[in-house]
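Structure, as structure tokens:
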Amino acid sequence: SANHRTPSHWALPRPSLRCIPVWRRNLLVWRKLAIPSLLGNFADPLIMMLGLGYGLGALIPEVDGVRYASWLAAGTVCFSTMNSATFEALYSAFSRMQVQRTWDAIINAPLSLDDVVLGEWVWAASKSLLSGCAVLLVATALGVVGSPLALWIIPVILLAGLVFAGLGLIITALSPSYDFFMYYFTLAITPMML
């Protein structure tokens, strides 16, 4: 009939605070593996900073008064943030969406797909914030960070996490399988890392 309207598949998202339970659900699941995850967040930058920053850095002269270890620390913060958001938004979100069907179960509650996606997006950015701050802590402990102004990087870490989590969720939405993620890593993430 003329009065019956079909819902549009191209409507603007309608996010709400109902995304918070999705974020909290992911946090509760992550807490079961928090110790190994946190160890990785601290061990990886520590190994990189010691091996490359001080090992290789001893062979490289300062450039404009900046030590190689300081330059490496800044890049490691960026890489850790980008990598953490990307992995969470790709592999973990895809698993919850396709393999485990967690998203289907959540949508049976009074939540919409917009709430689930927003919760996943903020969760991936939260994990990347944790990763970036862990690198910043390691760099500070190793004496590479020379000013408290480095704390201004924290909002940038969160913003970068939101950007890469958003890009990762777009790829996840388009991916038929895990194998598709290699295109994104090969063409986007790896060149940015290098």
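The values are calculated or read from the model by the stated rules, or taken from the named source; none is laboratory data. These figures come from a predicted structure and were not determined experimentally. Glycine gets a Cβ as well: all are built from the backbone with ideal geometry, and neighbour counts include every protein chain shown. Areas reflect the complete protein model, heavy atoms only, side chains present, ligands, DNA and RNA absent. Shrake-Rupley method; radii C 1.70, N 1.55, O 1.52, S 1.80 Å.
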Original post:
Does segment 33-41 contain any residue that is closer than 30 Å to Tyr184 by Cβ, under 21 Å from the mean Cα position of the chain (by Cα) and not in a helix (DSSP H, G or I)?
Top reply: yes
Subject >> Complete set of residues in segment 164-184 that are assigned to a helix (DSSP H, G or I) and in contact (Cβ under 8 Å) with a residue 60 or more places away in the chain >> reply: Phe164, Ala165, Gly166, Leu167, Gly168, Leu169, Ile171, Thr172, Tyr178, Phe181, Tyr184
Subject >> For Val77: the one exception among (1) aliphatic (A, V, I, L, M); (2) closer than 28 Å to Trp23 by Cβ; (3) exposed (fewer than 13 other Cβ atoms within 10 Å of the Cβ) >> reply: (3)
Subject >> Leading residue by the ranking (most open to solvent (accessible area, probe 1.4 Å)) among those in segment 45-71 that are within 21 Å of Ser128 (Cβ to Cβ) and in contact (Cβ under 8 Å) with a residue 60 or more places away in the chain >> reply: Leu46
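Based on this model, can you work out whether Asn83 counts as part of a helix (DSSP H, G or I) and at pLDDT below 85?
Values: part of a helix (DSSP H, G or I): yes; at pLDDT below 85: no.
It is false that Asn83 is part of a helix (DSSP H, G or I) and at pLDDT below 85.
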**OP:** Have a look at Trp10, Trp71, Trp23, Trp30 and point out the one that is over 19 Å from the mean Cα position of the chain (by Cα) and assigned to a helix (DSSP H, G or I).
**Re:** Trp71
**OP:** Keeping to segment 115-159, report how many residues are in a helix (DSSP H, G or I), within 16 Å of Ala73 (Cα to Cα) and either aromatic (Phe, Trp, Tyr) or open to solvent by 40 Å² or more (accessible area, probe 1.4 Å) (or both).
**Re:** 12
Original post:
Among the residues of segment 97-113, which ones are assigned to a helix (DSSP H, G or I), out of contact with any helix residue (DSSP H, G or I) (no Cβ under 8 Å at 6 or more places or on another chain) and more than 27 Å from Pro36 (Cα to Cα)?
Top reply: Asp104, Ala105
